[in-house]
1. Assign unit charges at the C-beta atoms only (+1 for Lys and Arg, -1 for Asp and Glu), then state the dipole size of the chain relative to its Cα centre in Debye, rounded to the nearest 20.
2. Could you sort 89-102, 126-139 so that the peptide with the highest average Cβ count within 10 Å comes first and the rest follow in order?
3. Roughly how tilted is helix 58-68, in degrees to the nearest 10 and between 0 and 90, from the longest Cα axis of the chain?
4. With +1 on each Lys and Arg Cβ and -1 on each Asp and Glu Cβ, and nothing else charged, work out how big the dipole of the stretch 131-172 is about its Cα centre, in Debye to the nearest 20.
5. For the chain, which cysteines have no second Cys with its Cβ under 4.7 Å from theirs?
6. First compute the accessible area of the chain with a 1.4 Å probe, then give the percent of it belonging to carbon and sulfur atoms.
7. Using only alpha carbon positions, build the gyration tensor of the stretch 90-209, then give the equivalent ellipsoid semi-axes as the square roots of 5 times its eigenvalues, largest first, whole angstrom.
8. Any idea what Rg and Dmax come out to for the chain if you just take the C-alpha atoms, in Å?
Amino acid sequence: MHPRSTSYRGRFAPSPTGPLHFGSMVAAVGSFLQAKSRGGEWLVRMEDLDPPRVVPGAADEILHTLEALGLHWDGAVMFQSRRHGAYEAALNMLERFGAIYPCACSRREIADSSVSGVDGPVYPGTCRAGLPAGRAPRAWRVRVNRRAVEFMDAVQGRVVRDLAADFGDFVVRRADGYFAYQLAVVVDDAEQGISEVVRGADLIESTPRQMHLQDLLGLPTPDYLHLPVALSKQHEKLSKQTFAAPADAVRPASMLYQVLCFLGQDPPPALAESSLDDFWRWAIAHWRVDRVPRVTGAVVETPNAWN
Ligand code: GLU
């Protein structure tokens, strides 16, 4: 069982696919301030679940950067690569309930026969009633039905989705054998006792699916807060520009200052020149969620200034 802690517990869950960039720093700083301004804990989980995407050395580099910027986490870092047993157990439970089924469809077949949902193709249900004769299982999917899933996002407001119409039966174990992000996150957020998930709004469409899995697995649903995603002037998600390693950075507070500006906190300009201690003291004391822009994405005016 996973008792829901009464105190605040947040987390930052980077994928070690490269160094932290402005976009991931927004999620790191936003989740950290939300936790620390409530006297809560802030945990770090390394989402190294997808070996083909993991870049060797990136996890260490991310942790080093967080530490050097004064983003000190509570407890031990959780690594998803060491948690296969927990994901397997969750999958077995879903199978016992008859909630999942093997699927033989290739990406191509699905693309050819599906309609688009809010986050990619909606699976047409080809293998729902059993594998077609002569076809081998590839992925495992969880059944969804027509049902409104609703949550109140602390920044984005009320979100309502229809699982069947908007997503369809979705993958919990991939064709390559790896566990899907949706499953791992749900198992880990429960294991870490997370009371509120703070992350980028690029993941807002994952939340209804994660709530469905929490429901099936009997796990608590945390609160959700989706921050605006940092966009380039071309309105693309910022992901290539790296957040300069603080050890080499002349003024780490000036980089963090820009993240605070992006999050609508209106810091005094002098904060950009301050020590990290002074920076965090101000940022924690003045953090206000109601100042975070209520948008899913916003252009960063000077994304290279911290490079
Ligand atoms: N690992 C995901 C990312 O780096 C974040 C997952 C989450 O916060 O739920 O985009």
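1. Working: 33 positive and 35 negative charges, 169 e Å.
Here the chain has a charge dipole of around 820 debye.
2. Order by mean packing, descending: 89-102, 126-139.
3. 30
4. It works out to roughly 260 debye.
5. CYS105, CYS261
6. 51
7. Those come to 26, 18, 12 Å.
8. Values for the chain (Cα only, Rg and Dmax): 20.1, 69 Å.
The values are calculated or read from the model by the stated rules, or taken from the named source; none is laboratory data. Source: prediction; values computed, not measured. As a convention, Cβ positions derive from the backbone with ideal geometry for all residues, glycine included, and neighbour counts pool all protein chains shown. Ligands, DNA and RNA are excluded from the accessible area calculation, which covers all protein heavy atoms including side chains. Shrake-Rupley method; radii C 1.70, N 1.55, O 1.52, S 1.80 Å.
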